[in-house]
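Asker: The following block contains the structure, expressed as structure tokens.
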Amino acid sequence: MVPVSLETVATEIGTLELWCHEREGEGRWKLEFEVREEAAPARA
């Protein structure tokens, strides 16, 4: 485990970025996740 602080950034195109910054070091990671549902398959 690595203790981190979270940083949010609102981008020019209207998305929200979430970054994890290592508290006792130089590590920085972008946290991404999918929030959209998959499209239902087309029926024949």
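Values quoted throughout were computed directly from the atomic coordinates according to the rules given, and no laboratory measurement underlies them. Since the structure is predicted, the reported quantities are computational estimates derived from the model, not experimental observations. All Cβ positions, glycine included, derive from the backbone under ideal geometry; neighbour counts span all protein chains shown.
Asker: Spelling out what I want: for every residue of region 10-26, take phi, set θ = phi - 60°, compute 6.51 cos²θ - 1.76 cosθ + 1.60 (Karplus), and round to whole Hz; glycine and proline get x.
Answerer: 8, 8, 4, 8, x, 9, 10, 9, 10, 10, 9, 10, 4, 5, 10, x, 9
Asker: Then there is this: On alpha-carbon atoms, Rg over Rh for the chain using Kirkwood Rh?
Answerer: Dividing the radius of gyration by the Kirkwood radius yields 1.24.
Asker: Roughly how many nanometres apart are two label points built 7 Å out from the Cα toward the Cβ at S5 and E34?
Answerer: Once both label points are built, they end up 3.3 nm from each other.
Asker: Could I ask something else about it? Which residues' amide hydrogens lie under 5 Å from the amide hydrogen of V4, considering only partners 5 or more residues apart or on another chain, with H built in the peptide plane?
Answerer: Hits under the 5 Å cutoff: R23.
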